[in-house]
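First the structure, in the form of structure tokens, and then the observations on it.
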Amino acid sequence: MSDEQRRRSNCRSYLLTYIRRGKVAKGPCEICGTTENIEAHHPDYSKPLEFHSLCRGHHVMVTRGLISLGA
Ligand SMILES: [Zn+2]
């Protein structure tokens, strides 16, 4: 496992723990507003609690740089 993969995986499990405890919640997709298949997008893996809620389709597009989330 590379350092990058480890960072990403740590970040996800950290966030998941907070979600399970009800400390944070994923919202509707910030781009299309759907509430189905929501994933957390992290601009910075060192900040697990700073994430964008995106549907699977828009998450892929943001990850590939096809669309941007604005500032
Ligand atoms: Zn969407």
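The values are calculated or read from the model by the stated rules, or taken from the named source; none is laboratory data. Predicted model only: the values in this text are computed from it and were never measured. All Cβ positions, glycine included, derive from the backbone under ideal geometry; neighbour counts span all protein chains shown.
General remarks:
- Within region 53-67, residues that are closer than 10 Å to H41 by Cβ sit with their Cβ atoms under 7 Å from residues that are of a type in the set (G, A, S) and exposed (fewer than 15 other Cβ atoms within 10 Å of the Cβ), at 6+ positions apart or across chains, in these pairs: S53/G27.
- The set of residues in region 43-63 that are within 14 Å of the ligand (Cβ to nearest atom) and out of contact with any Gly (no Cβ under 6 Å at 6 or more places or on another chain) comprises H52, L54, C55, R56, G57, H58, H59, V60, M61, V62, T63.
- Which numbered condition T34 fails, given (1) more than 16 Å from the ligand (Cβ to nearest atom); (2) farther than 23 Å from E4 by Cα; (3) among the hydroxyl-bearing types (S, T, Y): (1)
- Only residues that are surrounded by fewer than 17 Cβ atoms within 10 Å (Cβ to Cβ), part of a helix (DSSP H, G or I) and of a type outside the set (A, V, I, L, M, F, W, C) were counted in region 53-71, giving 3.
- Of the residues E50, E30, the single one that is at pLDDT 95 or above, in a loop (DSSP other than H, G, I, E, B) and farther than 15 Å from Y14 by Cα is E30.
- Contact map, region 19-47: residues that are exposed (fewer than 12 other Cβ atoms within 10 Å of the Cβ) paired with residues that are of a type in the set (V, I, T) and outside any strand (DSSP E or B), Cβ distance under 8 Å, separation 6+ or inter-chain. Pairs shown: A25/I19.
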